[in-house]
Structures are given as structure tokens and as C-alpha cells.
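Trainee: Sending over a structure as C-alpha cells; questions will come in a sec.
The values are calculated or read from the model by the stated rules, or taken from the named source; none is laboratory data. Keep in mind that this is a model prediction, so the values were computed, not measured. Counting neighbours? That spans all protein chains shown, and the Cβs are built from the backbone with ideal geometry, glycine included.
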Amino acid sequence: MREYNLDRIDLRSDTVTQPTQAMKDVMMASVVGDDVLQDDPTVRQLETKMAEMCGMEAALFVPSGTMSNAIAIRAHTSPGDEIVMERTSHIYQYEGGGYAALSGVSVALIDGEKGQLTPAAVAKAIRKAEGSLGHYPDGTLVCVENTANRGGGTCYSQETLDAIAATAKAHGCAIHMDGARIFNAAVKTKTSVKRMLRDFDSVSICLSKGLGAPVGSLLVGGKDFIAKASRWRKLFGGGMRQSGFLAACGLYALEHNIERLADDHRRAQHLAHEVSKMAGFSINLDAVETNMVYIDSDMGAKQLMHELGEHGIDVLDVGPTAVRAVIHLHVTDEDIEQVIKVFGQLAN
Ligand SMILES: Cc1ncc(COP(=O)(O)O)c(C=O)c1O
């Protein structure tokens, strides 16, 4: 049964979810205060809970994942530094070049596989001013995205995360995780976020994606780092007042919407397996690990989007021949069967 009454099957992103009635009830009952004056008990509760879940000292509630990553980069680096990340990562592709504009850092890009870095590639990419007669920038931060969105929603192995963190540390770099969908990775790999982040300095976690809250992300890290981050949040315009209404949705999401991510993953698998058998479409099944399905189409992405749209199904084009379908809270088993049926009609 559909929990939220949408008249289309919207697979563009897991950001399209709307608060359910139960979440709205919790929101309306929440106690709020002016969070810039540190008066909002619900925001405090959310920050404390998320810090505990991550095994870190402190957390900061911010309006978006983009701002959270931008603050992390600003707090970890100085202008003229360099950060290391994967070419298809969200920070590099979709955050408006914020790392350059807001932090004045350059980027050392790595071509990963399925959106993922390797420890060896990270070691090779880190440059240091020292010993270069001042020619190189100072590589001071490594950013890892888990799940890796454009990699297909793929999950890092714990072994690789630990090894990348060790490599970063050995080269005098901080290590940040863009964990916009970290709970998808945690559910899929059956690893606690605390363990996953054991050797990380900071993580950005989104509430407004698979977890189904309307707004907000948390930046989590050590006490001193979060104190610095708090100043940058204010400077970037992210200090919010009665944001407890939003934090309440986040608390509800952490309690009710983590384990159910396994349903999204199961539905994504089913969709991917069925469509991959159809002529005219191809899917890298190895990359379908969580709630995303990237589909290559002989008819081209724009045409496929149009055809699906005519049947009440929305997807996003992510290249000339590729579209992305993302499974989330409002997508039911019946919806998936309907999507498979429509793909079957479009297959050649
Ligand atoms: C991996 C990843 N990081 C960060 C973000 C940014 O989040 P927001 O849209 O809240 O700015 C997104 C958004 O889709 C994302 O997929």
C-alpha cells in the first residue's frame, strides 16, 4: 500500500519523499527554540543522537548535504590546499565548485571504479608543498563518498575504508566521508556506522534522502572540528532558528526509516534484474547494490524519459543514453511491477 498519495511513480531521486503523517505529527509536537542562540532542545537531541551513532564527539545540524560538505572542507583546509576525491563524486560534480569558491582549494581527481577510490590511488594523488620547492599545493584532505551515488549507489568494503583512512593519515591528511546515504551502506553491508567511521575525522549525513525527512543534514566529527564548523555554518548562512521542527523529522527518521532501507534495496534489485533481461536496455548489475538503478537505453535518455513520463513514471537522465531510477519510501512493490511492465512495453 502506498503510504503517501502521489499520482505518479517518481523515481528521479530519493530526495522527493514527503513527510508522512506520523512524521508530521512528531514535528508538530516538537519543542523548539532559537538554535543560533543554542536554545533548541530538539536540535540538541538530534545532534547528540547522531554523534553517538557515529561514535564521534559532536554533530552540527545544517540545511543541506551540500552545505555540510562545504563546511567540512572549509574547516579541514586552508586556502591554497588541495583535496583528493573521485571524479564522479557529488562534491566535485554537483556542488557548484563550492570547494574552490568557499574554501579556495584545488582538487586532485582520481578516476575510480564504480565511483570508489583505492588506497593506492589516494597515496599517489596526495601532493605536499614540502619537498617540492613550493611548487605543489598542500594535500590536506581526502573525501570518500559512501554510498557512491554515480558509481551506482555502491558501498565501500570496510577493509578499503580503513586502508584509505590509514593512507590519508600517513600522508598528513584529514579524512571526510560524504555519507549522504551512509545508512544505505550500513544496511547493505550490515556494518554499524560507528565501525564504518572508526578512522574518519568527519562525516556528512543526509536526513532528506532515503531516510525520508524533508530537510537537513548533519556534519559529525570531533569537538574542536565541530566548534570550527559551527562558525563556518554561521558565515555560510546556515544558522537556523526554530529548526527543531526539522530536527524532529530527523529523529523520527532515525528511529523508523533505517531498517526499511533494505526494502528499497530489494526493490531496486528486482527492477534491475527484470529490465536487464529486456532488449534495448542494459544495466551493470554489479553496481546495483543499494537503492539506485542506472539504465542504459538504445533509444537515448531523453526519449526514454519522455516515454516513461507518458506512462506516469519519472526518472532522471544522467547522460546521453543513461537514466537513473531511485527507489525510496514511497515506492511500493506494485509500483515496481508497473515500472517493469512499462519497460517491457518499450523494449525492442
Ligand atoms: C552523495 C551526495 N552528497 C551530497 C548531496 C547533497 O545533498 P543536498 O541535496 O542536501 O545538498 C547529494 C545529493 O543528492 C548526494 O547524492
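Trainee: Is it the case, given these coordinates, that Gly112 is buried (at least 19 other Cβ atoms within 10 Å of the Cβ) and not aliphatic (A, V, I, L, M)? Before you say what the answer is, go through the steps one by one.
Mentor: Details: buried (at least 19 other Cβ atoms within 10 Å of the Cβ): yes; not aliphatic (A, V, I, L, M): yes.
Taking the combined requirement at face value, the residue satisfies it.
Trainee: Which condition number does Ile83 fail, the rest of (1) in a helix (DSSP H, G or I); (2) within 16 Å of the ligand (Cβ to nearest atom) being met?
Mentor: (1)
Trainee: Those residues that are without any contact (Cβ under 8 Å) to a residue 60 or more places away in the chain and either more than 21 Å from Ala186 (Cα to Cα) or within 16 Å of the ligand (Cβ to nearest atom) (or both), I need them from the stretch 151-166; list them, please. Before you say what the answer is, go through the steps one by one.
Mentor: Applying the first criterion (without any contact (Cβ under 8 Å) to a residue 60 or more places away in the chain) to the stretch 151-166 yields 156-166.
Listed by number, the residues that qualify are Tyr156, Leu161.
Trainee: State all residues of the stretch 88-115 that are assigned to a loop (DSSP other than H, G, I, E, B), farther than 18 Å from Gly151 by Cβ and more than 16 Å from the ligand (Cβ to nearest atom); if no residue qualifies, say none.
Mentor: Listed by number, the residues that qualify are Gly104, Val105.
Trainee: From the list Ala168, Ala186, exactly one residue is farther than 22 Å from Met292 by Cβ and in a helix (DSSP H, G or I). Which is it?
Mentor: Every option except Ala168 fails the conditions.
Trainee: Right, another one. Within the stretch 172-183, count every residue that is within 30 Å of Asp138 (Cα to Cα), within 16 Å of the ligand (Cβ to nearest atom) and not in a strand (DSSP E or B).
Mentor: 3
Trainee: I need the full set of residues from the stretch 123-164 which are under 24 Å from the mean Cα position of the chain (by Cα), closer than 22 Å to His76 by Cβ and in a strand (DSSP E or B), in order please.
Mentor: Those that are under 24 Å from the mean Cα position of the chain (by Cα), closer than 22 Å to His76 by Cβ and in a strand (DSSP E or B): Gly139, Thr140, Leu141, Val142, Cys143, Val144, Glu145, Ala148.
Trainee: Please work out which residue is nearest to Ile164 (Cα to Cα), limiting yourself to the stretch 51-71 and to residues that are of a type in the set (A, V, I, L, M) and within 11 Å of the ligand (Cβ to nearest atom).
Mentor: Filtering the stretch 51-71 for residues of a type in the set (A, V, I, L, M) gives 51, 53, 56, 58-60, 62, 67, 70-71.
Those left that are additionally within 11 Å of the ligand (Cβ to nearest atom): 62, 67, 70.
Details: Val62: 27, Met67: 24, Ala70: 21 Å.
The qualifying residue nearest to Ile164 (Cα to Cα) is Ala70.
Trainee: Applying the selection to the stretch 134-150, what residues are among the charged types (D, E, K, R) and more than 16 Å from the ligand (Cβ to nearest atom)?
Mentor: Taking the stretch 134-150 as the starting set, the residues that turn out to be among the charged types (D, E, K, R) are 138, 145, 150.
Selection gives Asp138 alone.
Trainee: Of (1) surrounded by fewer than 20 Cβ atoms within 10 Å (Cβ to Cβ); (2) at pLDDT 95 or above, Leu6 satisfies all except one. Which?
Mentor: (2)
Trainee: Here's a check for you: in the stretch 34-80, which residue that is of a type outside the set (S, T, N, Q), assigned to a helix (DSSP H, G or I) and more than 20 Å from the chain's Cα centre (by Cα) is nearest to Gln242 (Cα to Cα)? Let's see the steps before the verdict.
Mentor: Restricting attention to the stretch 34-80, the residues satisfying the condition of being of a type outside the set (S, T, N, Q) are 34-37, 39-41, 43-44, 46-47, 49-63, 65, 67, 70-76, 79-80.
Retained after the next criterion (residues that are assigned to a helix (DSSP H, G or I)): 35-37, 41, 43-44, 46-47, 49-54, 65, 67, 70-76.
Retained after the next criterion (residues that are more than 20 Å from the chain's Cα centre (by Cα)): 35-37, 41, 43-44.
Values: Asp35: 6, Val36: 9, Leu37: 10, Pro41: 10, Val43: 9, Arg44: 12 Å.
Step by step, filter the stretch 34-80, then rank; the result is Asp35.
Trainee: What residue, among those in the stretch 121-135 that are aliphatic (A, V, I, L, M) and in contact (Cβ under 8 Å) with a residue 40 or more places away in the chain, is farthest from Thr290 (Cα to Cα)?
Mentor: In the first step, residues of the stretch 121-135 are kept if they are aliphatic (A, V, I, L, M); the result is 121-123, 125-126, 129, 133.
From the residues that got through so far, the ones that are in contact (Cβ under 8 Å) with a residue 40 or more places away in the chain too are 122-123, 125-126.
Working: Val122: 25, Ala123: 28, Ala125: 28, Ile126: 30 Å.
Looking at the filtered set, the residue picked out is Ile126.
Trainee: Considering only residues of the stretch 266-286 that are crowded, with 20+ Cβ neighbours inside 10 Å and part of a helix (DSSP H, G or I), which is farthest from the chain's Cα centre (by Cα)?
Mentor: Restricting to residues being crowded, with 20+ Cβ neighbours inside 10 Å and part of a helix (DSSP H, G or I), the top hit is Val275.
Trainee: For the stretch 150-172, which positions are more than 19 Å from Ala123 (Cβ to Cβ) and touching a strand residue (DSSP E or B) at 6+ places or on another chain (Cβ under 7 Å)?
Mentor: Those that are more than 19 Å from Ala123 (Cβ to Cβ) and touching a strand residue (DSSP E or B) at 6+ places or on another chain (Cβ under 7 Å): Gly151, Gly152, Gly153, Thr154.
Trainee: Only residues that are in a helix (DSSP H, G or I) and hydrophobic (A, V, I, L, M, F, W, C): list them for the stretch 189-203, please.
Mentor: Taking the stretch 189-203 first, the residues in a helix (DSSP H, G or I) are 189, 193-196.
Within the stretch 189-203, Val193, Met196 qualify.
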